[in-house]
Amino acid sequence: MMQATLKDTLVFEGIGVHSGEVSKALVHPEKENTGIRFLVKGVYIPASYRYVVSTDHSTVLGFEGARVSTVEHLMAVLYMMGIDNLTIELIKGYEVPILDGSGYYFYKELKDRVYTLSEPARILSIEDRFEVKNCKAYISAEPADAFEVIYTGYVKGLIELSSVNYSGNIRDVVFARTFCYDYEVEYLMERGLAKGGSLKNALVIGNGFVYNPEGMRSKDEPLRHKLLDLIGDLSLIGCRLKGKVSSHLGGHSLNYELVKTLAESSLSTISTSSCVSTPW
């Protein structure tokens, strides 16, 4: 597996789901071994778990007073497409635009612009099983021959406890929109969140139904969105993963704990110069 970037610069513009402000991001190609980074008000913020400053209803990165919010959807798409080197410059706002609430429009614009580079990708191999927990939620990571992610959860009154998985087909998850329950909306607004949320960029779930007139895009769309979030948060480890990650009711905070534990654990190894010979 080789590193990749984009053929040219492109633009994403739209509302920030939490800030409610117009956001405009320029996505610039970068050379090998640059990694993915955000540029906000002249400050570069690496797309790394080391720079996570909040996991409250989204993943927020910060450095030297600059912040970028809601990075997980774009990061998930970049990860699944194998794009390793970019600068994402926020020239309006401080939040990645939510677009339709999924990763679809990022994927649509990126899919024909991928450019393969000459250096091998860095791969982290999970060598043993371990787990992080938080009340009823837990996430495990274990060895596997390829990258696989499973999310198990439910939606009150709508979806019984069930599992969805990603094992390489981006179309299994990229369409799934962010969601919230109707009784959460006022609470989120009071806390300064979801200022840009609407039925155009989120599923709003009632007691056994959704408010969106078009309904859900799949019978388990909310669970698939949690899978998208998980992949985006996992990407902040900064390299390709070889292993199986299983989440039971996890969210951004627990995702972060898993990534931190995985990156700093002796139960995993990162291959650099030898990664070219590591099958995926």
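The values are calculated or read from the model by the stated rules, or taken from the named source; none is laboratory data. Since this is a predicted model, take the numbers as computed values, not measurements. Every residue, glycine as well, gets a Cβ built from its backbone with ideal geometry; the counts of neighbours run over all protein chains shown.
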Next on the checklist: Being surrounded by 16 or more Cβ atoms within 10 Å (Cβ to Cβ) and of a type in the set (F, W, Y) is true for just one of Y105, Y115, Y154. Which residue is that?
Outcome noted: Y105
Next on the checklist: Tell me the residue from K195, K242, K200 that is over 23 Å from E109 (Cβ atoms) and either in a loop (DSSP other than H, G, I, E, B) or within 15 Å of the chain's Cα centre (by Cα) (or both), please.
Outcome noted: K195
Item to check | Filtered residues of segment 224-253 (kept if of a type outside the set (S, T, Y), in contact with a helix residue (DSSP H, G or I) (Cβ under 9 Å, 6 or more places away or on another chain) and under 15 Å from F130 (Cβ atoms)) | outcome: L234, I237, L241, G243, V245, G250
Checklist entry - If the Cβ limit is 6 Å and pairs must be 6+ apart or interchain, which residue in segment 100-128 that is on the phi > 0 side of the Ramachandran plot pairs with which residue that is among the β-branched types (V, I, T)? => result G101/T178
Checklist entry - Which one is nearest to M80 (Cα to Cα) among residues in segment 1-20 that are assigned to a strand (DSSP E or B) and of a type in the set (V, I, T)? => result T5
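Going through T55, T34 one at a time, which residue ends up being at pLDDT 95 or above and closer than 12 Å to Y256 by Cβ?
Only one candidate passes the filter, namely T55.
This table checks each residue for (1) farther than 14 Å from L241 by Cα; (2) among the hydrophobic types (A, V, I, L, M, F, W, C); (3) modelled with pLDDT under 95; (4) surrounded by 15 or more Cβ atoms within 10 Å (Cβ to Cβ).
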position	(1), (2), (3), (4)
A121	no, yes, no, yes
L124	no, yes, yes, yes
V132	yes, yes, no, yes
A141	no, yes, no, yes
A146	no, yes, no, no
Item to check | Those residues of segment 204-244 which are within 14 Å of L78 (Cβ to Cβ), small (G, A, S) and touching a Gly at 6+ places or on another chain (Cβ under 9 Å), in sequence order | outcome: G232, G238
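Report the residue count in segment 175-184 for those that are over 12 Å from V17 (Cβ atoms) and either among the β-branched types (V, I, T) or out of contact with any helix residue (DSSP H, G or I) (no Cβ under 8 Å at 6 or more places or on another chain) (or both).
Step one: filter segment 175-184 for residues over 12 Å from V17 (Cβ atoms), giving 175-176, 181-184.
Next cut, either among the β-branched types (V, I, T) or out of contact with any helix residue (DSSP H, G or I) (no Cβ under 8 Å at 6 or more places or on another chain) (or both) only: 181-184.
Summing the residues that are over 12 Å from V17 (Cβ atoms) and either among the β-branched types (V, I, T) or out of contact with any helix residue (DSSP H, G or I) (no Cβ under 8 Å at 6 or more places or on another chain) (or both) in segment 175-184 gives 4.
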Checklist entry - Taking interchain pairs and intrachain pairs at least six residues apart, which have beta carbon atoms under 7 angstrom, with the first residue in segment 180-207 and among the charged types (D, E, K, R) and the second surrounded by 13 or more Cβ atoms within 10 Å (Cβ to Cβ) and assigned to a strand (DSSP E or B)? => result D182/V204; D182/I205
Item to check | Residue list for segment 84-99, restricted to those being under 30 Å from K195 (Cβ atoms) and buried (at least 16 other Cβ atoms within 10 Å of the Cβ) | outcome: L86, T87, I88, E89, L90, G93, Y94, E95, V96, P97, I98, L99
Checklist outcome for this item: Within segment 203-220, the residues that are farther than 23 Å from Y105 by Cα and either out of contact with any Lys or Arg (no Cβ under 8 Å at 6 or more places or on another chain) or part of a helix (DSSP H, G or I) (or both) are G206, G208, F209
Checklist entry - Would you pick out the residues in segment 164-178 that are without any contact (Cβ under 8 Å) to a residue 60 or more places away in the chain and either surrounded by 13 or more Cβ atoms within 10 Å (Cβ to Cβ) or touching a His at 6+ places or on another chain (Cβ under 8 Å) (or both)? => result D172
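Yes or no: segment 239-256 includes at least one residue that is polar (S, T, N, Q) and either surrounded by fewer than 19 Cβ atoms within 10 Å (Cβ to Cβ) or modelled with pLDDT under 95 (or both).
yes
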